[in-house]
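Engineer: Would you mind keeping the following structure in view while I ask a few things?
No value in this document is a laboratory result; all are computed from the given coordinates. It should be emphasised that the depicted structure is a prediction, and the values quoted were computed from it without experimental measurement. Here Cβ is always computed from backbone atoms with ideal geometry, including for glycine, and neighbour counts include all displayed protein chains.
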Ligand SMILES: [Zn+2]
């Protein structure tokens, strides 16, 4: 769509054993029975879309600086987040365009994990939210179905149950604004959702955790942390089919090498 722009927003780095992201990325063998475990350093980021009709739309709202205290203990033991540069916060990133959180008109949640909706407090009173119905149902059940936060996985109750102004529940692949289509890609979570952006110069697929990185896309690795691996693989196939049609760029959920090559806010894609 003419006039639509996309900015990349950096909200810090996640660090964890590589096997948590890519199944059997480092594996013991008979010849090498004690290989070194590798730590993976991954970006957490969001896409800010400037849409000629709808205004400012955020795809994912990133990780907040308190996440290490919020994450459930089991996950927190093998996973931590850092802010390495002062400006790796949502507020500082938006300020690069002179924007404040209340300027954002819409938020699209790829899924409701803690590293993707960590800044919900900043937007809940002023933006309207899109989330897939399957994701909302799953996340609400995860945090309401048990009193024990240790069972919530990557969901953080105050985020999931935040009293947002309005939810639009997405049930199928559909155009939500001119040039912006949802893509349901379950697997990592039951209601994982990407976006297809029809820009003037190129198409971009925001895959989020529908595909963590090039080890999955190019090398066929399986995901380490995954609700349903069979669905995940089917969803990657769906993304690949979509990608081929218009030779779209695919933005992975947590690929540091790809991320380092992105133009960052205030630069943009159009
Ligand atoms: Zn993630």
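Engineer: Among the residues that make up the stretch 49-59, is at least one of them under 28 Å from residue 215 (Cα atoms) and within 16 Å of the ligand (Cβ to nearest atom)?
Structural biologist: yes
Engineer: I would also like to ask the following. Given the conditions (1) more than 15 Å from the ligand (Cβ to nearest atom); (2) more than 26 Å from residue 143 (Cα to Cα), which single one is not true for residue 73?
Structural biologist: (2) is the only condition that residue 73 fails.
Engineer: Could you check the stretch 63-84 and list, in sequence order, the residues that are in contact with a strand residue (DSSP E or B) (Cβ under 8 Å, 6 or more places away or on another chain) and assigned to a loop (DSSP other than H, G, I, E, B)?
Structural biologist: Step one: list which residues in the stretch 63-84 are in contact with a strand residue (DSSP E or B) (Cβ under 8 Å, 6 or more places away or on another chain), which gives 63-65, 67-68, 71, 78-84.
Those that are in contact with a strand residue (DSSP E or B) (Cβ under 8 Å, 6 or more places away or on another chain) and assigned to a loop (DSSP other than H, G, I, E, B): 63, 64, 65, 71, 78, 83, 84.
Engineer: Would you pick out the residues in the stretch 49-62 that are crowded, with 23+ Cβ neighbours inside 10 Å and in a strand (DSSP E or B)?
Structural biologist: 49, 57, 58, 59, 62, listed by residue number.
Engineer: Quick check, is residue 10 closer than 26 Å to residue 195 by Cα, in contact with a helix residue (DSSP H, G or I) (Cβ under 7 Å, 6 or more places away or on another chain) and surrounded by 14 or more Cβ atoms within 10 Å (Cβ to Cβ)?
Structural biologist: yes
Engineer: Hey, another quick one. Can you find even one residue in the stretch 192-205 that is closer than 21 Å to residue 63 by Cβ, touching a residue at least 60 places away in the same chain (Cβ under 8 Å) and more than 14 Å from the ligand (Cβ to nearest atom)?
Structural biologist: yes
Engineer: Still on this structure, please answer the following. Run residue 204 past the list (1) farther than 23 Å from residue 51 by Cβ; (2) not in a loop (DSSP other than H, G, I, E, B) and report the number of the one that doesn't hold.
Structural biologist: (1)
Engineer: If you don't mind, there's one more thing I want to ask. Just checking, how many residues over the stretch 234-256 are in contact with a strand residue (DSSP E or B) (Cβ under 6 Å, 6 or more places away or on another chain), in a loop (DSSP other than H, G, I, E, B) and within 16 Å of the ligand (Cβ to nearest atom)?
Structural biologist: Total meeting the criteria: 2.
Engineer: For the stretch 26-42, state whether one or more residues are in a loop (DSSP other than H, G, I, E, B) and in contact (Cβ under 8 Å) with a residue 40 or more places away in the chain.
Structural biologist: no
Engineer: Another one. Looking at the stretch 210-222 only, could you name the residues that are touching a strand residue (DSSP E or B) at 6+ places or on another chain (Cβ under 8 Å) and over 12 Å from residue 23 (Cα atoms)?
Structural biologist: 210, 211, 213, 214, 217
Engineer: Same structure, new question: Which of the residues that make up the stretch 212-253 are within 15 Å of residue 189 (Cβ to Cβ) and touching a helix residue (DSSP H, G or I) at 6+ places or on another chain (Cβ under 7 Å)?
Structural biologist: 212, 223, 224, 225, 226, 236
Engineer: Do any strands (runs of 3 or more DSSP E) lying entirely in the stretch 104-190 carry at least 3 residues that are touching a residue at least 24 places away in the same chain (Cβ under 8 Å), under 27 Å from residue 53 (Cα atoms) and away from the ligand (no atom under 16 Å from the Cβ), and which ones are they?
Structural biologist: 128-132, 166-170, 180-184
Engineer: Could you please find all residues in the stretch 68-94 being over 19 Å from the mean Cα position of the chain (by Cα), touching a residue at least 60 places away in the same chain (Cβ under 8 Å) and under 23 Å from residue 155 (Cβ atoms)?
Structural biologist: 73, 74, 78
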